[in-house]
Amino acid sequence: MEGLKERRMDGFVILARFHLREGALPRFLDAVRRNAAQSVADEPGCRRFDVLTPLEGGNEVVLYEIYDDAAAFDAHLATPHYAAFRAATAELVLASRIERLALEEHARQGR
């Protein structure tokens, strides 16, 4: 299996899925949008932070985050706005799944 150090990564990706309690979506979205906005604005290693919701409705939220590297994500986890997000949403989440992925280096168009 190819190690991460041998690969040419273009970024470190977090794909996070949150299954929420019934009726918790509005409160969760309020907290996660604040966290996303502060992450992109205040963290130099955070390139992207998207909040995704199902078109058909439901109680799941998916986060797609891109960081320069794993250290930038670790720095994100130590920020006050992340701590505030965790505190505000702890009782709203039934289950979560976090995946750490490599954004593979690729040809860029239009740059």
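Relative contact order of the chain: what whole-number percent is it, with Cα pairs under 8 angstrom and at least 6 residues apart?
Numbers: 170 pairs, mean separation 49.3, N = 111.
Relative contact order, the chain: 44 percent.
Per residue, the convex hull around the alpha carbon atoms of the chain comes to 136 Å³. Annotation: extensible slack from Leu101 through Ala16 equals 29.5 nm (criterion: 0.36 nm per residue apart, minus Cα-Cα distance). Close amide H pairs (under 5 Å, H built 1.01 Å from N) link Leu103 with Asp10, Gly11, Phe12, Val13, residues at least 5 positions away or on another chain.
Provide the net charge surrounding Thr89, with neighbours chosen by a C-beta distance below 12 Å and charges set as Lys +1, Arg +1, Asp -1, Glu -1. Within the 12 Å Cβ shell, the charges total +3. Name the residues of the stretch 58-83 whose amide N is less than 13 Å from a point 7 angstrom out from the Cα of Ala41 along the C-beta direction? Under 13 Å, as judged by backbone N against the label point of Ala41, lie 81 of the stretch 58-83.
Each reported figure results from applying straightforward, stated rules to the coordinates on display, with no laboratory input. All figures in this text were calculated on a predicted structure; none of them were measured in a lab. No Cβ is skipped: glycine too gets one built from the backbone with ideal geometry, and neighbour counts run over all protein chains shown.
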